[in-house]
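One structure is given here, and the rest of the page talks about it.
Any read-out appearing in this document is the output of simple, stated calculations on the displayed coordinates, not a laboratory observation. Just so it is clear, the structure is predicted and the values come from calculations on it, not from any experiment. Here Cβ is always computed from backbone atoms with ideal geometry, including for glycine, and neighbour counts include all displayed protein chains.
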Ligand code: BGC
């Protein structure tokens, strides 16, 4: 079968012939890959800045945002049947006895760092025609989401952040009065930094949870992304016309920041302006560009005097995948055109290097025949 692989030592990315995986355990499921999304992590791996082949292999098959169709199930599989659609989680447990998270299926919080990740760290990924994995790493997806389910994995980043924000904010009276059409977040302002796929999907998730949602990005307020943001009820703020120190004038008190730009300097600038009891979530992984000047006194004063929380989050558990599937159903009902506009390109497997080596569009996808 065909697969897309990175050869770090050779510094090459190409389509290869790989052995078709077979079911070798009774709890495994075999999928025919339908779509695989391309993200910033894939591009980093293809730039040889990140990614680790499996032990003993000179290459890594990439791809971790996958939608597949079940074509075969092992005898102990209970929740999947031939013809079902499924998405796959990314991280696999470290298996070390001293790691309570991995033992409980929460490898997204692995303590040892010895976890593996399909398509990223020491396990081949999903940019292949067929995939086999254990049932417990798969989630069923309704057929009605066939067109959009490739967005489940990137949406899980925001879903995990939302779960964490709600949990962390249980430290204070944070719940909004609900009733009627009011959604749980309606009394809070959420600011999303960045208008890439993680930022836009995050903004949709915050808007869907009722937050007054604002997206802050570089392009001007007349650009098509700004229209897209407005189409799902959020506000687009351009950094060209609104400097960071004027954000509060546009937004009001900033209660949550969902950082999805990977820009550390911008993030710490924004951190100076967040409100009382605010939660600030980092999801971006910036390149290491060396030290930068930050007003640490101002930030620390605010964090203490305003009870603020700063947290980082990576990967996602099954709970976030379940919420992503639920949210995608809502998005499809409420904003189908916005969702459609997020997927800017569909490429054949043989053309995979094009989206992997460029940053054009919002979300590019490899669509298998
Ligand atoms: C993936 C996560 C992964 C992270 C770090 C992200 O692109 O969505 O699943 O944990 O990269 O490797």
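Give me log10 I(q)/I(0) at q = 0.12, 0.16, 0.22 Å⁻¹ for segment 65-168, Debye formula, one equal scatterer per alpha-carbon, no solvent. Each listed q corresponds, in turn, to -0.46, -0.82, -1.31.
Label-to-label distance, residue 358 versus residue 187, with points set 7 angstrom from Cα along the beta-carbon direction: 4.9 nm. Scaled against 2.2 N^0.38 Å for its residue count N, the alpha carbon radius of gyration of the chain is 1.00.
Bridge orientation summary for the chain: considering DSSP beta bridges with both residues in this region, about 55 percent are antiparallel. In the elastic network of the chain, a GNM with C-alpha springs shorter than 10 Å, the most mobile of 310, 85, 191 is 310.
Return the whole-Å distance between the Cα centroid of segment 44-74 and the Cα centroid of segment 299-361. So the two Cα centres are separated by 19 Å. Helical content alone sets the calculated 222 nm signal of the chain at -7500 deg cm²/dmol, taking -39,500 (n - 2.57) per DSSP H segment of four or more residues and averaging over every residue.
The distance between label points at residue 348 and residue 57 comes to 2.5 nm (points 7 Å beyond Cα on the Cα→Cβ vector). Angle of helix 197-208 to the longest C-alpha principal axis of the chain, folded into 0 to 90 degrees and rounded to 10: 60°. Taking every C-alpha pair closer than 8 Å and separated by at least 6 residues, the mean separation divided by the residue count of segment 155-312 gives a relative contact order of 20 percent. Given the C-alpha centroids of segment 155-187 and segment 234-257, what is the distance between them in whole angstrom? Between the Cα centre of segment 155-187 and that of segment 234-257, the gap is 20 Å. Rg and Dmax, both from the Cα atoms of segment 155-312 and both in Å, are 14.9, 50. Comparing 289, 121, 143 in a Gaussian network model of the chain (Cα springs below 10 Å), the most mobile by mean-square fluctuation is 289. Does segment 117-178 come out rounded, prolate or oblate by the C-alpha gyration tensor, with a ≥ b ≥ c the root eigenvalues, rounded set by a/c under 1.5 and, if not, prolate when a/b is larger than b/c and oblate if not? Because a/c hits 1.5 or more and a/b exceeds b/c, segment 117-178 counts as prolate.
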